[in-house]
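J.: Sharing a structure with you now.
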Amino acid sequence: MTAPAFTPRVFSGIQPSGGLTLGNYLGALKRFVDMQNDGSFECVFCLVDLHAITVWQDPKTLAQQTREAAAGFMASGIDPKSSILFNQAQVSAHAELGWLFNCVARMGWMGRMTQWKDKAGKNTENASLGLFAYPALMAADILAYHATHVPVGDDQKQHLELTRDIAAKFNHDFGVDFFPITEPVIDGPATRVMSLRDGTKKMSKSDPSDMSRINLTDDADMILKKFKKARTDPEPLPETYGDLKDRPEARNLVDIYAALSGQSTDDVMGEVAGQGWGQFKPHLAEVAAEKIGPISDEMARLMSDPAEIDRILGDGSDRAREIADPIVAKTRDIMGMISS
């Protein structure tokens, strides 16, 4: 049997469960824009509000944050005419295919997910069923579009591996080559930006301390304040990047600088070797403010017209359904379900 030729298509999404951070920009949005502008892929980008509600969300806040996240995508360079930009809840194919994949995936697969263990902790009895089944819905998000590539950070790689397992099991169980075995795209400096307060933890919008992250809405003064207070060590910057191996906070700031400036980490070390933090941090803050300032201004402009954001998301949802609905209908057909 000849394997089907799938349209080169990228899918990725971000939860609208808090403000976007520098970590979202460098780890996701900047890469999304590069892939969109490269022209090698059809790009589908989703605000995954169904994933957000695996933990309780205030309804008004969720709606506001969904619009803000959409504004962040567009302000970062995502063109809703070139790419498809929408929120997940408007495309019912995600929820339907998520259920079908719940019946393909296995409890043991879900129970091994490290994010389930981390988020549920010891209180699994009170965690939502949605949180446990989250990876099956993520697989549906991707495979509803027959996405061939997904840009992911290291923390999501396990979920993408599960997506590949679900696709392979479905194809095997029903004797088809219907779903692609999606490839991860993991490359570039600072693909996982760490907390400014703890270099061993990911920069997160859910961290209680606002000083742990750079928000895309922060102004230049706040960015400088946060970088000045970022945890480091007393040693100056070394000559080689390899010498930062056991210095997570220092390595994180160098990674951020490299990603923002478009340089390799080796080039950065050649530029800053021997500098103390009093010299390096203000320069890093200046580079960050130059990148984030225009994004913040454009987000504010877009957020001044929420009805236009809703229109853009609605248009994106229409375009997303044109791809996803036939794929889910064919999935039902393969599984033996009668449709009108």
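All of the numbers you see were taken from the coordinates with simple rules; none came from a lab. From a predicted model like this one, the values you see are computed outputs, not experimental measurements. Positions of Cβ are backbone-derived with ideal geometry, glycine not excepted, and every protein chain shown enters the neighbour counts.
J.: For the chain, modelled as a Gaussian network with Cα springs under 10 Å, which listed residue fluctuates most, Trp116, Trp56, Trp99?
T.: Highest fluctuation of the listed residues: Trp56.
J.: Let me ask you something else. Averaged over all directions, how much area does the convex hull of the C-alpha atoms of the stretch 34-123 cover when projected, in nm²?
T.: Values: hull surface 32.2 nm².
So the mean shadow area of the Cα hull is 8.1 nm².
J.: Before rounding to the nearest 500, sum -39500 (n - 2.57) across all DSSP H runs of length at least 4 in the chain and divide by the residue total; then give [θ] at 222 nm in deg cm²/dmol.
T.: On the way: 13 runs with 175 residues, N = 340.
About -16500 deg cm²/dmol.
J.: What list of ³J(HN,Hα) values in whole Hz, one per residue of the stretch 106-117 in order, does the Karplus curve 6.51 cos²θ - 1.76 cosθ + 1.60 (θ = phi - 60°) give from phi, with Gly and Pro shown as x?
T.: 10, 3, x, 4, 5, x, 8, 5, 5, 5, 4, 5
J.: Karplus couplings for the stretch 80-92 from phi (6.51 cos²θ - 1.76 cosθ + 1.60, θ = phi - 60°), rounded to Hz, Gly and Pro as x?
T.: x, 8, 7, 10, 9, 10, 7, 9, 4, 5, 7, 10, 5
J.: Report D for the stretch 149-246 in µm² per second (integer): Stokes-Einstein, Kirkwood Rh on Cα pairs, 4 °C, 1.567 mPa s. Write down the numbers at each step before the final one.
T.: Details: Rh = 16.9 Å.
Approximately 77 µm²/s, per Stokes-Einstein.
J.: Please state, to two decimals, what the Cα-based radius of gyration of the chain comes to when divided by 2.2 N^0.38 Å (N = residues). Please list the in-between numbers first.
T.: Values: Rg = 20.9 Å, N = 340, 2.2 N^0.38 = 20.2 Å.
Rg over 2.2 N^0.38 Å, computed on Cα atoms: 1.04.
J.: Tally Lys/Arg at +1 and Asp/Glu at -1 over every other residue whose Cβ is under 14 Å from the Cβ of Lys228; what's the total?
T.: +2
J.: Below 8 Å between Cα atoms, with a sequence gap of 6+, how large is the relative contact order for the chain in percent?
T.: Normalised by residue count, the contact order of the chain is 23 percent.
J.: While we're here: Filter the DSSP H helices in the chain by two things, a Kyte-Doolittle mean of at least 0.5 and an axial alpha-carbon span of 18 angstrom or more, and list the hits by number.
T.: 129-143
J.: How about Lys245: which lysines have a C-alpha closer than 20 Å to its C-alpha, ignoring those fewer than 8 places off in the same chain?
T.: Reachable lysines: Lys201, Lys202, Lys281.
J.: At what distance in angstrom do the alpha carbon centres of the stretch 88-130 and the stretch 285-304 lie from each other?
T.: For the stretch 88-130 versus the stretch 285-304, the Cα centre distance is 35 Å.
J.: Quick one: divide the alpha-carbon radius of gyration of the stretch 210-300 by 2.2 N^0.38 Å and tell me what you get.
T.: Numbers: Rg = 13.1 Å, N = 91, 2.2 N^0.38 = 12.2 Å.
Scaled against compact globular proteins, the figure is 1.07.
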